[in-house]
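The values are calculated or read from the model by the stated rules, or taken from the named source; none is laboratory data. Just so we're clear, the structure is a prediction, and the values are computed from it rather than from any experiment. Cβ: placed from backbone, ideal geometry, glycine included. Neighbour counts: every protein chain shown. These area figures cover heavy atoms from the full protein model, side chains too; ligands, DNA and RNA do not enter into them. Shrake-Rupley method; radii C 1.70, N 1.55, O 1.52, S 1.80 Å.
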Amino acid sequence: HKPIMKYQHLYAFFLYGFASLSWVFRKDYVKFFQKQIGHTANTNHPKIEYFNLFFFKAVYYTLFIVFPLVFMDITWWQFLIGFVAMHLAEGFVLGLVFQLAHVVEGTEFPEPDPEGRVDESWAVHQMQTTANFSTKSPVATFLCGGLNFQVEHHLFANICHIHYPEISKIVARTAKKYGVPYHVNPTFLGALASHYKTLKRFGRKELALEPVRVRA
């Protein structure tokens, strides 16, 4: 725990905006060359994966940086403002959607044992650590591409998101039948308020002394 975390509920939303910039210029490289991710070795990538990383990064940089500077009648600083503004908006939306689906009241934050295992099955773990929001809003579902049904997104990632509203009814009934948690914040603003309160609570130093499994 660091003292600045006491105020994370105030500055976190601003930092979410940098998620996309980090992803484009840093995160992919760090994760690719990281020797280990969690308890999983991350070495010996096939050669094609090196090509995919560097080739498609080059394509992106060319399309979104080189071409605008070469072919558009704008100055470098005008381009920089537009490019950064685009990524700040993208990062803010991306970060917020996923935070409202995981870092809210009710979800759990289990840590694996020294051997990298958790007690629950994979599906139950998804239910414990994930939350839906705005599930009754067709607009939210459209704008989020179904990611507001984050529980169903985790459980049925290979199924088109347009089916999530109906699937969610089955998941909710099954969860109730077997006593498994099914977290839902009915509205976006409700989920946002819950996320804010969770950030504020996690910023308290005394949480560092609590057991590993934290229940909001």
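This table checks each residue for (1) over 20 Å from V97 (Cα atoms); (2) of a type in the set (F, W, Y); (3) outside any helix (DSSP H, G or I); (4) in contact with a Ser or Thr (Cβ under 8 Å, 6 or more places away or on another chain).
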residue	(1), (2), (3), (4)
R117	yes, no, yes, no
H154	no, no, no, yes
I162	no, no, no, no
L199	no, no, no, no
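Restricting attention to the stretch 205-216, and to residues there that are under 22 Å from L96 (Cα atoms) and either small (G, A, S) or open to solvent by 50 Å² or more (accessible area, probe 1.4 Å) (or both), which single residue is modelled with the lowest pLDDT? Steps first, answer last, please.
If we filter the stretch 205-216 for residues that are under 22 Å from L96 (Cα atoms), which is where we start, we get 214-216.
Of the ones still in play, those that are also either small (G, A, S) or open to solvent by 50 Å² or more (accessible area, probe 1.4 Å) (or both) are 215-216.
Details: R215: 43, A216: 39.
Filtering the stretch 205-216 for residues that are under 22 Å from L96 (Cα atoms) and either small (G, A, S) or open to solvent by 50 Å² or more (accessible area, probe 1.4 Å) (or both), the one modelled with the lowest pLDDT comes out as A216.
Can you tell me which of L94, L69 is outside any loop (DSSP other than H, G, I, E, B), touching a residue at least 24 places away in the same chain (Cβ under 8 Å) and either under 30 Å from L147 (Cα atoms) or over 18 Å from the mean Cα position of the chain (by Cα) (or both)? Of L94, L69, the one residue that is outside any loop (DSSP other than H, G, I, E, B), touching a residue at least 24 places away in the same chain (Cβ under 8 Å) and either under 30 Å from L147 (Cα atoms) or over 18 Å from the mean Cα position of the chain (by Cα) (or both) is L94. Among the residues making up the stretch 171-197, a single one is open to solvent by less than 40 Å² (accessible area, probe 1.4 Å), among the polar types (S, T, N, Q) and part of a helix (DSSP H, G or I): S194. You will find that of Q99, Q128, the residue that is under 29 Å from G38 (Cα atoms), assigned to a helix (DSSP H, G or I) and in contact with a His (Cβ under 7 Å, 6 or more places away or on another chain) is Q99 and no other.
Whether any residue in the stretch 115-122 is closer than 30 Å to I65 by Cβ and surrounded by 12 or more Cβ atoms within 10 Å (Cβ to Cβ) is what I want to check. Looking through the stretch 115-122, none of the residues is closer than 30 Å to I65 by Cβ and surrounded by 12 or more Cβ atoms within 10 Å (Cβ to Cβ). Against the conditions (1) of a type outside the set (S, T, Y); (2) at pLDDT below 90; (3) under 21 Å from A12 (Cα atoms), F202 satisfies every one except (2). With the checklist (1) open to solvent by 90 Å² or more (accessible area, probe 1.4 Å); (2) assigned to a helix (DSSP H, G or I) in hand, flag the one item H1 doesn't pass. The failed condition is (2). Name the residue that is most open to solvent (accessible area, probe 1.4 Å), counting only residues in the stretch 35-62 that are more than 22 Å from V118 (Cα to Cα) and of a type in the set (S, T, N, Q). Selected residue: N44. In the condition set (1) crowded, with 21+ Cβ neighbours inside 10 Å; (2) touching a residue at least 60 places away in the same chain (Cβ under 8 Å), Q150 is compliant with all but (2).
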